[in-house]
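Reviewing the structure listed below.
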Amino acid sequence: MRENINLKVNIGGLELKNPVIAASGCFGFGREYSRFFDIKRLGGIAVRGLTLQPQKGNPPPRIAETPSGILNSVGLQNPGVHTFIEKEIPFLRKIDTTIIANVSGNTIEEYESMAEILSNADVDAIELNLSCPNVQEGCLRFGSSAQKVESVVSRVKNYAKKPLLVKLTPNVTDITEIAKAAEEAGADSVSLINTILGMAINAKTRRPILGSITGGLSGPAVKPIALRMVYEVSRAVKIPVIGMGGICNATDAIEFLLAGASAVMIGTAGFANPMVWVETIEGIEDYMAENSINSVTELIGGLIV
Amino acid sequence: MRENINLKVNIGGLELKNPVIAASGCFGFGREYSRFFDIKRLGGIAVRGLTLQPQKGNPPPRIAETPSGILNSVGLQNPGVHTFIEKEIPFLRKIDTTIIANVSGNTIEEYESMAEILSNADVDAIELNLSCPNVQEGCLRFGSSAQKVESVVSRVKNYAKKPLLVKLTPNVTDITEIAKAAEEAGADSVSLINTILGMAINAKTRRPILGSITGGLSGPAVKPIALRMVYEVSRAVKIPVIGMGGICNATDAIEFLLAGASAVMIGTAGFANPMVWVETIEGIEDYMAENSINSVTELIGGLIV
Amino acid sequence: MNTRYRILKAEYLNVDTFLLTVQSELISKKARPGQIVTIKCGDEGGVILRRPISICSVDREKGTFDIAIQIRGKGTKILSKFKAGDMIDIMGPLGQGFSLYPKHKKIIAIGGGIGIFPLLQLLKDHPAENKKAILGFRNKSCVILEEEFRQACNELFISTDDGSYGDKGFVTDTLKKVMDKEPADMLFFCGPLPMMKLGVEIAKEYNTPCEVSMEQRMGCGIGACLVCVCKTKKEDDWEYTQVCKMGPVFSGDKIIID
Amino acid sequence: MNTRYRILKAEYLNVDTFLLTVQSELISKKARPGQIVTIKCGDEGGVILRRPISICSVDREKGTFDIAIQIRGKGTKILSKFKAGDMIDIMGPLGQGFSLYPKHKKIIAIGGGIGIFPLLQLLKDHPAENKKAILGFRNKSCVILEEEFRQACNELFISTDDGSYGDKGFVTDTLKKVMDKEPADMLFFCGPLPMMKLGVEIAKEYNTPCEVSMEQRMGCGIGACLVCVCKTKKEDDWEYTQVCKMGPVFSGDKIIID
Ligand SMILES: Cc1cc2nc3c(=O)[nH]c(=O)nc-3n(C[C@H](O)[C@H](O)[C@H](O)COP(=O)(O)OP(=O)(O)OC[C@H]3O[C@@H](n4cnc5c(N)ncnc54)[C@H](O)[C@@H]3O)c2cc1C
Ligand SMILES: Cc1cc2nc3c(=O)[nH]c(=O)nc-3n(C[C@H](O)[C@H](O)[C@H](O)COP(=O)(O)OP(=O)(O)OC[C@H]3O[C@@H](n4cnc5c(N)ncnc54)[C@H](O)[C@@H]3O)c2cc1C
Ligand SMILES: Cc1cc2nc3c(=O)[nH]c(=O)nc-3n(C[C@H](O)[C@H](O)[C@H](O)COP(=O)(O)O)c2cc1C
Ligand SMILES: Cc1cc2nc3c(=O)[nH]c(=O)nc-3n(C[C@H](O)[C@H](O)[C@H](O)COP(=O)(O)O)c2cc1C
Ligand code: FES
Ligand code: FES
C-alpha cells in the first residue's frame, strides 16, 4: 500500500480498509481463493448466499456463457446458516477483513431469524438478498416491489444488530423506488446490482442450456446497466451505495465510484482472473496517485455532468 | 432461395416472405444499406422511429461501445411523419419488401394522429414504439405500465387500419403484464426488446461518454435478457411475438424462434456486418435443410423444455 | 500468482484436435493423472470463461506438460490459434485425479472421444503390472495418440462407431469381452455420460471398483462458485458436489449418473 | 459485398502509431482525399463497432492504400496486432472528402496529431500550384511521415507543443504567420476540435474559405443510424448531420463547432 493514499471507506457504519469487496456467491467462504492470494487484502468478503436450512440448489448445468457475460442458476446451494457459523466463521475470522453474511429467505420470518442468528454470530454485517432470480419462491418476489422491500427490511431491522445492507434486483421498472423503500425502512446501505434474469438456448439440441431454463446474467455485459442504476440510486438515496455488475479492473471500479458508489463488489471477473480483486485495489491506488487524490472518498459521486 | 423451404410467416395479419426484419433506428429508411445488398431480400424493414413533428435529436456523442454491446442516445432524430411519407415512401415502395412504420409520440393524441396518417399512407404495418429510453417525455413512460399501454393501444387501435405491432420496453419488472395489456387492447403482435437503459463513463475525463448521460443498450450483450423475455411473453400471449436483441447470425435468430418468436429483427449487428440480414436468412435456410424442416413456422416455440 | 506459461509446441493431431506442449515446472511436477487445468481464451472480452482441459501427459524432467484440445465452440477455436512461442494463461493443476493404488494389479482404462486424454498419463503413472486401454472413436479419422497409448499400456483395444478402424461398436462392448477373458481389479472411465453410466453398471456387474471422470460446465474452476456440480451419494441422501474441486474423478460408488 | 482485404505491409511509425498498406483495387481507385474506411477489430465479439480511419494515401497503380493508426483503446490495440499477409475487414471508401477545386491556387493543409493523416493524399492530389502544410505534434518522438509530407507539398512547417522539434507552439500560430506572409486561397483543417474551432475563426478573419474534417463516434458508418452527428447550419436554424455520410469533411461555412 502506498503512503498518503487513504483507501478507507465507511458504508453506513461498516468500516472497510478499501472499497473492493468479493461479491456474494462467487467467492464461496473464502477458502478456495485463499490459495491464490492473500485474501486479507480485500476490503471485505460477502460470503455465499445463506438460507436458514441447507439447500441442495438447482440441477446442472448451472452456467452458460453469453457474449461478455455468464448466466448462472446455482439456486442458493449452501449448508445453512448454522453450519456456516460453526464451520466457516472460525476460518474467516482468522483473516483480517470484513465479513458480510449474505442471506435469503422464503418468508419474512426466515429473514428475521437469520438476522437474529447472525447478529449473535461473529460477522461484521448482514446483506439481505431480496433479489436472487434463481429460486422459485421467495427473494425475487420480495425485491421487486417497494412495498414488500419496505416491510421485509423494517421487520428485519428489529433483529439486525449489525450494519444492514440491502441487495437490490435490477429486474424492476424503477430501482430508485425500491432503494428509497429500503432506506426508509432502515437499511444502512444498498448494494446493486444482483443478476439480470436471462436465458440461453442451444440451437442444435433445441434445449435450454441451463438445467433450470433461466438464470441470472452477470459479467461485463451488464456493466452499462449496473452503472446507470448505481448512478440513479446514489442520487435518490442518502445511504451509501455499493456498486457491482461486470467490474473487471480498476478502471471499471473507478467508473462505479464516480457514478456514486462508495464501494464495489466483484464476482464474475474472478472466474477469469483470480487476481482481479488485488489488481483492482492496486489500480485504484495508481489512479489516485496519478491524479493526486489522497482519499478514495473524493472519487465517490465525482462524475462531472 | 432453396426449393421446398418455406420461410413465410404471418405476424398478426402481416405476411412476411421471411422472418428477418431490419430493426427500427438501425436501418434508416433503407437507402444507405441498399448500396450494400439487395434489400428486397429482407422479410421487412422497420424504418427509423418517426414522430409527428421533425425532431433534432440528442446532443452527441450518441454512441458508446460497451462489452459486446453499444449504448445509443439518438433521441429520435427524424424528419417527421409527413416528410417520411413524401420523401421516403416512394423510394421504399419500389422495393419488394414489407414496410413497417415505427412511431413515437409525446401524447396519446400524437400516437392517434400518426396511426391515422400512416393508415392512409402506403406502409404495410405500424409499430408503436412505447419504449424508447432516449427521450425525456413520452414513450418510455407509456411503455412501463400495463395500464398506460392498455390505454394508448386501445385508443390508437381506433385509427390504425393496418396491422399494429406494439414494441415493448425491457425496462420493466414484468414484461408479460405489459404484453398482455397490449394484447387485450387490440395489438396484432408485440415486438421486443427495445434497448435497456444504461450508461458509460470515461474514467479519465470523469464524464459520461454520451451527450445525454444515459442511453439504450443493444447488441449481443443483451441477447440472454431478450431471449428470456421473448420466451416469457410468447407463453403469456396468443398474438405473435417478434423477437430481437443482439441477434448476430442465423444461430441467434433460430434461438429466438425456438423461444417463441414468429419473426426476428436485427439492428446493431448490421453496424459490424452489413450482410448480417442476408446471411441470417441464408443460415436459417441451411439449418432447415440440415434438419429437414420444410416450414420455418415449425421452429416457432419449438424449444424442448 | 503466475498463470502465464510459454507454449513450446502446437500441432494438430487430426483435423479438429490439437496438442499443446506447455512449459511449466510447477504444473508438470504437481499434476496427478486426471487433474485438469483451466485456460483463458483471449483478452477481447467476448469469451470470458476459462475452459477446463485435462492434463494429457507430463514430462516431469523437462518441466513440460501436454494438453490435447478438440475444437468445439468459440473458446476452443480461439485456443486453436495459439502457436509455439506464445504465452498462454493456464491455472492448475486443479481437482482430484485418479487413484493410483499399488493394490490394483490389473487395470483397464476406458475412454471415448476427448475422454481418452486424461487416461494417457494415468496409464503411464499407474503402478499396476497389467494395464489395458480401451479407446473408442467416431471413425478412423478421429483415431489419435494411438502410438502413445500403445507404449503406455500392455494391451490396447480400439473401436470405432462405424468400424472403419479397430472393432466396430462401443468401448463398453469391448470392455465386457476383455473382462470375461481376464478380469481387472480396477476400471477407469472417461468419456460421454451414457458411456460412463453404462461403465459404472458393468463395473458393478463384475464387482470391480471403478472411477469415472465427470464433465461439467465451469465457472471459477476451483470450488468457490458451485456451478459445476454433479450428484453424489451422501449417507442415505444425495448432494451436489463440485466437479472442479472434488472431481473431476469420482469413485463409481459415490457418483450418481442419472 | 466483399470487405476482406489483404494487408501487404504493417509497420510502426513510432511507438504507438502504425501504418498498414492494404491491397484493394476498389478502394484505391474510388477513394478521394479525406474519405474514410471503417475497420472491424476482431471476431471474438467483445469489441463490436468498426473503427473509422482516414485514408492516408493511395497508390492507384498498384491498387493499394495506406492507413495510419494510433493506438488509443481496445479496438486500435487489436488492430495493431495485424501483420503483413493477414486479411482485414474494411468497408470504404465512405463519406465526403476534401474539395479539390482548380480555382484554388494556394492552399494550406493544417493538421494536428492523428489529424495529419487525411492531409497527405489531399496534398498529393490537389491541383494547386502552391501547397503548404502545417503539422503539429505533441513532441519530437511523435513526429511521423515528415518525409512523405515534404514531398507532397511545397513547404512544410512542423511545430511541437514543447518545442522539441520544429517551432514551439500551436499550428494555428504558425498558420497566422504564414498567412500574414503569403495568404492562401483555401485552408484545410484536421485535428483536435479546439484547433479546428480556432482554425475556422482564423479563416474567417483572413476571409479565406476553409474545410474541416470532423471526428465523431460512429455506429453504422454509412449514414443509416444517425449516431455520428455534428451541428451544421440550415437556413436560419441548425441541424444534426451525419459525419460518416455528409462528412467527415465539412465546409467551414456550414459547420458549427461549439
Ligand atoms: C473435467 C473436464 C475435462 C476436459 N478435458 C478436455 C480435454 O482434455 N480436451 C478437450 O478437448 N476437451 C476437454 N473437456 C471439454 C472442454 O472443456 C470443452 O469442449 C470446452 O470447454 C468447450 O469450449 P468451447 O469454447 O469450444 O465451446 P462453447 O460451446 O463455446 O463453450 C461455451 C461454454 O460451455 C462450456 N462447455 C461447452 N462444452 C463443454 C463440455 N463438454 N464440458 C465442459 N464445459 C463445456 C465451455 O467451457 C464454455 O464455458 C473437458 C471438460 C471437463 C469438464
Ligand atoms: C472521420 C474520422 C477519421 C479518423 N481517422 C483516423 C486515422 O486516420 N488514424 C487514427 O489513428 N485515428 C483516426 N480516427 C480516430 C479513431 O477512429 C479512434 O482513435 C478510434 O476509433 C479509437 O478506437 P479504440 O478502440 O482505440 O478506442 P476506444 O476508446 O476503445 O473506442 C471506443 C469507441 O469509441 C470510438 N472512439 C474513440 N475515440 C474516438 C475518436 N477520436 N473518434 C471517433 N471515434 C472514437 C471508437 O471508434 C469505439 O467505437 C478517426 C476518427 C474519425 C471519426
Ligand atoms: C455464480 C454466482 C452466484 C451468485 N450467488 C449470489 C448469492 O448467493 N447471493 C447474492 O446476493 N448474489 C449472488 N450472485 C450475484 C453477485 O453477487 C453479483 O451481484 C452479480 O454477479 C453481479 O456482479 P459481477 O458481474 O461482478 O459478478 C451470484 C453471482 C454468480 C455469478
Ligand atoms: C442507433 C439505434 C437507434 C434506434 N432507434 C430506434 C427507434 O427509433 N425506434 C425503435 O423502436 N427502436 C429503436 N432502436 C432499438 C432497436 O430497434 C432494437 O430494438 C434494439 O437495438 C435491439 O436490437 P439489436 O440488438 O439487434 O440492435 C434503436 C437502436 C439503435 C442501436
Ligand atoms: S467451477 Fe466454481 S465450483 Fe466448480
Ligand atoms: S455512423 Fe451511422 S449515421 Fe454515421
Inset, instruction - Report, by residue number, each residue of segment C:198-216 that is facing another protein chain (nearest Cβ under 7 Å) and either within 16 Å of ligand 4 (Cβ to nearest atom) or in contact (Cβ under 8 Å) with a residue 40 or more places away in the chain (or both). - result: none
Inset, instruction - Count, please, the residues in segment D:46-102 that happen to be in contact with a helix residue (DSSP H, G or I) (Cβ under 7 Å, 6 or more places away or on another chain), assigned to a loop (DSSP other than H, G, I, E, B) and more than 11 Å from ligand 2 (Cβ to nearest atom). - result: 4
Legend entry - Residue count for segment C:217-244, restricted to those that are within 15 Å of ligand 1 (Cβ to nearest atom), more than 7 Å from chain A (Cβ to nearest Cβ) and farther than 18 Å from residue C:193 by Cβ: 1
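Can you pull out every residue in segment C:243-254 that is aliphatic (A, V, I, L, M) and either closer than 17 Å to residue A:211 by Cβ or modelled with pLDDT under 95 (or both)?
Start the filter on segment C:243-254 by keeping residues that are aliphatic (A, V, I, L, M), which leaves C:243, C:246, C:249.
Answer for segment C:243-254, where residues must be aliphatic (A, V, I, L, M) and either closer than 17 Å to residue A:211 by Cβ or modelled with pLDDT under 95 (or both): just C:243.
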Inset, instruction - Within segment B:97-110, identify whether any single residue is of a type outside the set (Gly, Ala, Ser), touching a helix residue (DSSP H, G or I) at 6+ places or on another chain (Cβ under 7 Å) and assigned to a helix (DSSP H, G or I), and answer yes or no. - result: yes
Inset, instruction - Only one of these is of a type in the set (Val, Ile, Thr), within 16 Å of ligand 1 (Cβ to nearest atom) and either part of a helix (DSSP H, G or I) or within 11 Å of chain B (Cβ to nearest Cβ) (or both): A:205, A:251. Name it. - result: A:205
Inset, instruction - With respect to residue D:37, determine if the residue is touching a Gly at 6+ places or on another chain (Cβ under 7 Å), of a type in the set (Val, Ile, Thr), outside the structural domain of residue D:250 (by TED's automatic domain parsing) and under 30 Å from residue D:161 (Cβ atoms). - result: yes
Inset, instruction - Return a yes/no flag: does segment B:69-77 have any residue that is polar (S, T, N, Q), more than 24 Å from residue B:95 (Cα to Cα), away from ligand 6 (no atom under 16 Å from the Cβ) and not in a strand (DSSP E or B). - result: no
Inset, instruction - Go through the residues of segment C:234-246 one by one and say whether even a single one is over 21 Å from residue A:55 (Cα atoms) and without any contact (Cβ under 8 Å) to a residue 60 or more places away in the chain. - result: no
Inset, instruction - Quick one: count up the residues across segment B:43-78 that are among the small types (Gly, Ala, Ser) and either within 16 Å of ligand 2 (Cβ to nearest atom) or without any contact (Cβ under 8 Å) to a residue 24 or more places away in the chain (or both). - result: 5
Inset, instruction - Give me a count of the residues in segment A:29-46 that are in a loop (DSSP other than H, G, I, E, B) and surrounded by 23 or more Cβ atoms within 10 Å (Cβ to Cβ). - result: 2
Legend entry - Criterion (in contact (Cβ under 8 Å) with a residue 12 or more places away in the chain and either over 20 Å from the mean Cα position of the chain (by Cα) or within 16 Å of ligand 5 (Cβ to nearest atom) (or both)) met by exactly one of D:34, D:75, D:85: D:85
Inset, instruction - Can you confirm whether segment D:216-235 contains a residue that is within 12 Å of ligand 2 (Cβ to nearest atom), surrounded by fewer than 24 Cβ atoms within 10 Å (Cβ to Cβ), outside any strand (DSSP E or B) and among the hydrophobic types (A, V, I, L, M, F, W, C)? - result: no
Inset, instruction - For residue D:181, indicate whether it is surrounded by 18 or more Cβ atoms within 10 Å (Cβ to Cβ) and more than 14 Å from chain B (Cβ to nearest Cβ). - result: no
Inset, instruction - Sort out which residues of segment D:43-63 are surrounded by fewer than 21 Cβ atoms within 10 Å (Cβ to Cβ), more than 16 Å from ligand 1 (Cβ to nearest atom) and closer than 16 Å to residue D:5 by Cα, and write them in order of number. - result: D:59, D:60, D:62, D:63
Inset, instruction - Take segment B:269-294 and flag every residue that is among the polar types (S, T, N, Q) and either over 21 Å from residue B:218 (Cβ atoms) or surrounded by fewer than 23 Cβ atoms within 10 Å (Cβ to Cβ) (or both). - result: B:273, B:291, B:292, B:294
Legend entry - Failed item in (1) away from chain B (no Cβ under 14 Å); (2) out of contact with any helix residue (DSSP H, G or I) (no Cβ under 7 Å at 6 or more places or on another chain); (3) assigned to a loop (DSSP other than H, G, I, E, B), with residue A:59 passing the rest: (1)
Legend entry - Residue in segment B:123-130 that is more than 29 Å from residue B:208 (Cβ to Cβ) and not in a strand (DSSP E or B) present: yes
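Yes/no per residue for (1) buried (at least 20 other Cβ atoms within 10 Å of the Cβ); (2) free of Cβ contacts under 8 Å to residues at least 12 places away in the same chain; (3) over 14 Å from the mean Cα position of the chain (by Cα); (4) not assigned by TED's automatic domain parsing to the domain that holds residue D:28:
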| site | (1), (2), (3), (4) |
| --- | --- |
| D:81 | no, yes, yes, no |
| D:90 | yes, no, yes, no |
| D:130 | no, no, yes, yes |
| D:135 | yes, no, no, yes |
| D:150 | no, yes, yes, yes |
Legend entry - Candidate set from segment A:273-305 (those that are of a type outside the set (A, V, I, L, M) and part of a loop (DSSP other than H, G, I, E, B)); member that is farthest from the other protein chains (Cβ to nearest Cβ): A:294
Legend entry - Filtered residue count, segment B:161-199, keeping only those that are out of contact with any Asp or Glu (no Cβ under 6 Å at 6 or more places or on another chain), over 18 Å from residue B:146 (Cα atoms) and away from ligand 3 (no atom under 16 Å from the Cβ): 4
Inset, instruction - Give B:210, B:217 a once-over and let me know the one that is surrounded by 21 or more Cβ atoms within 10 Å (Cβ to Cβ), more than 18 Å from residue A:171 (Cβ to Cβ) and touching a residue at least 60 places away in the same chain (Cβ under 8 Å). - result: B:210
Legend entry - Leading residue by the ranking (nearest to the other protein chains (Cβ to nearest Cβ)) among those in segment A:228-248 that are surrounded by fewer than 24 Cβ atoms within 10 Å (Cβ to Cβ) and touching a Lys or Arg at 6+ places or on another chain (Cβ under 7 Å): A:236
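The values are calculated or read from the model by the stated rules, or taken from the named source; none is laboratory data. Keep in mind that this is a model prediction, so the values were computed, not measured. Note that each Cβ is placed from the backbone with ideal geometry, even for glycine, and that neighbours are counted across all protein chains shown.
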